[in-house]
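Notes to accompany the following structure.
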Amino acid sequence: MDGVFLTHAHIGHYTGLMHFGREAVGAKDIPVYAMPIMAAYLSNNGPWDQLLRLQNIQLMPLADGVPVELNGGLTVTPIQVPHRQEYSETVGFRIDGPNKSAVFIPDIDKWGDWSTDIRDVIREVDYALLDATFFADGELPGRDMSAIKHPFVAESMALFDELSDAERARVIFIHMNHTNPLLIDGSPAQSEVEKRGFRFAKEGLRLPL
Ligand SMILES: [Zn+2]
Ligand SMILES: [Zn+2]
């Protein structure tokens with residue numbers, strides 16, 4: 001692996017770093033790009049600090065809105081978003097390739113909590129990979145879903161309705177919780193998303209940039 005860009009410190013987004021460590025791959029100097037609070041969190045807490053001490057990984061600082069140039073004409077720009085600031089800040093990424101561009105926002109509280117209008121972001125990119133943790137309210141029985149805010153797919157589709165057909169086709173829903181019916185092949189949720197002109201990610205999806 002040539003490098004890793006971290007969005008934030010929720011378990012699905014950084015704990016895979018453990019596999020770079022002594023007990024597993026024993027990697028050497030893998031560049032790991034992280035925002036300031038995320039980087040401090042890894043530096044000051046075990047077992048992550050050991051990855052740094054043994055130089056399995058090398059932290060590369062990110063700053064909100066500042067592009068990072070990579071090989072192959074790729075540029076990655078972190079975009080800070082509101083999302084339960086628990087152990088770190090949260091970013092999405094804008095990724096610009098030689099031919100196409102993408103935005104990757106796996107976690108955000110609600111679109112309306114963000115000072116940027118997500119519809120303007122969708123208008124500027126070729127692919128918009130967006131938070132689809134939950135399909136609709138009530139999906140988690142016995143849990144207060146307002147304490148774990150995400151834009152429901154149902155809300156996102158309503159908000160994006162005003163986009164043109166071509167713009168809606170850029171939206172690829174990602175980051176589904178195991179309760180999200182978008183994960184079930186042939187489900188009414190999958191057909192509704194497709195009927196309304198959006199897409200959803202499947203394992204192995206590749207997007208040329
Ligand atoms: Zn999260
Ligand atoms: Zn997440």
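Read-outs throughout are calculated quantities, based only on the coordinates presented, and are distinct from any laboratory measurement. Remember, predicted model here, so these are calculated numbers, not experimental data. Here Cβ is always computed from backbone atoms with ideal geometry, including for glycine, and neighbour counts include all displayed protein chains.
On inspection, Gln50 qualifies as farther than 25 Å from Leu163 by Cα and either away from ligand 2 (no atom under 15 Å from the Cβ) or surrounded by 14 or more Cβ atoms within 10 Å (Cβ to Cβ) (or both).
When the stretch 128-145 is filtered for residues that are within 16 Å of ligand 1 (Cβ to nearest atom), over 17 Å from Leu183 (Cβ atoms) and within 20 Å of the chain's Cα centre (by Cα), only Met145 remains.
Here the condition is being more than 28 Å from Pro208 (Cβ to Cβ), out of contact with any Cys (no Cβ under 9 Å at 6 or more places or on another chain), away from ligand 2 (no atom under 16 Å from the Cβ) and of a type in the set (Val, Ile, Thr); of Ile37, Ile95, it holds for Ile37 alone. Can you find a residue in the stretch 181-190 that is free of Cβ contacts under 8 Å to residues at least 12 places away in the same chain and under 17 Å from Arg119 (Cβ atoms)? No: the stretch 181-190 contains no residue that is free of Cβ contacts under 8 Å to residues at least 12 places away in the same chain and under 17 Å from Arg119 (Cβ atoms). Considering the stretch 1-47, the residues that are crowded, with 17+ Cβ neighbours inside 10 Å and in a helix (DSSP H, G or I) include one that is farthest from ligand 1 (Cβ to nearest atom), namely Phe20. Report, by residue number, each residue of the stretch 60-106 that is crowded, with 18+ Cβ neighbours inside 10 Å, within 16 Å of ligand 1 (Cβ to nearest atom) and part of a loop (DSSP other than H, G, I, E, B). Once the filter is applied, which keeps residues that are crowded, with 18+ Cβ neighbours inside 10 Å, within 16 Å of ligand 1 (Cβ to nearest atom) and part of a loop (DSSP other than H, G, I, E, B), the stretch 60-106 yields Val81, His83, Ser88, Glu89, Thr90, Pro106. Of all the listed residues (Ser101, Ser156, Ser164, Ser146), the sole one being within 16 Å of ligand 2 (Cβ to nearest atom) and among the polar types (S, T, N, Q) is Ser156.
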